[in-house]
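One structure is given below, encoded as C-alpha cells.
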Amino acid sequence: MRKSEHYSPETKERAVRLVREHRDDYGSEWAAICSVAEKIGCKAETLRRWLRQDEQDAGERPGQTTAERERIKQLERENRELRQANRILRKASAFFAQAELDRQFRILTAFVDERGSLRVRPICRQLQIAPSTCYEHLAKRRDPSLRSRRVKRDEELNVAIRRVFDGNDENTARARCGSSCCASRPKQHAVRSSA
C-alpha cells in the first residue's frame, strides 16, 4: 500500500483555482478535475475533496468550513484532556482522603503505582509532580538494589527496632503482672492485659 502524500496548502489552492478556471473548457466538472489532478500528480478524488471543501469554506456549499472543523478538533482534544484530568483528580482525591500529610510522598507514589490504565505523565502533570521522581520511585520498587544505602540501612534498623519493641512489650507485661504466669504463657497475659 502506498503512503499517503501530503501536499502544501499552496498546491491545493493552485489545483482548486485551476479547476475553477478551466471548468467550462471540459464537458463536465469531473473531466476538469481528472485533467488537473493528472497535471499536479494527485488522485482525482483527492482534488474533488479539496474543491468541495473550498466551496464549503466559501459558503457556496452547505457543510462545515475548515475553520469549524479545526475548532471542533481542538474542542474534542480539550474535552479528552479535561475528562482525563477529572478522572485523575477524582481518583487522587479518593486516594488521598484518608492520607496523612507527613506520608504524602509515599502515598503519592503508591497512587502512581496503582494508576491502572492511566499514564504516569498526565497524572504527574495534574498532581504537579516531576515525572522523573515517579519514574525513579517505580524503578526502585522494581529493583530494590537501586535504593540508597540509607534507605537499605533504615529497612534493616526497622526490623531490629520492631524486634526490640515487641520484646519490650512482652517484658513490660511480665513486669506489670508480677506473677509467674507470664514467664510460661506470655501470650495469655497479653490477651488478659488488653481486655
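Things to note:
- Qualifying residue in the stretch 78-93 (condition: open to solvent by 80 Å² or more (accessible area, probe 1.4 Å) and at pLDDT below 85): yes
- Residue match in the stretch 21-37 (condition: surrounded by 15 or more Cβ atoms within 10 Å (Cβ to Cβ), touching a His at 6+ places or on another chain (Cβ under 6 Å), in contact (Cβ under 8 Å) with a residue 12 or more places away in the chain and not polar (S, T, N, Q)): yes
Yes/no per residue for (1) loosely packed, with under 12 Cβ neighbours inside 10 Å; (2) farther than 25 Å from Arg87 by Cβ; (3) over 49 Å from the mean Cα position of the chain (by Cα); (4) modelled with pLDDT of 80 or more:
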position	(1), (2), (3), (4)
Pro122	no, no, no, yes
Ala139	yes, yes, no, yes
Arg149	yes, yes, no, yes
Arg163	yes, yes, no, yes
Ser180	yes, yes, yes, no
Ala183	yes, yes, yes, no
Pro186	no, yes, yes, no
Ser194	yes, yes, no, no
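- Residues in the stretch 124-139 that are of a type in the set (S, T, N, Q) and under 16 Å from Ala92 (Cβ atoms): Gln126, Gln128, Thr133.
The values are calculated or read from the model by the stated rules, or taken from the named source; none is laboratory data. Quick caveat: nothing in here was measured; it's all calculated off a predicted structure. With ideal geometry, Cβ positions are generated from the backbone for all residues, glycine too; neighbour counts draw on all protein chains shown. All accessible areas refer to the heavy atoms of the entire protein, side chains included, with ligands and DNA or RNA removed. Shrake-Rupley method; radii C 1.70, N 1.55, O 1.52, S 1.80 Å.
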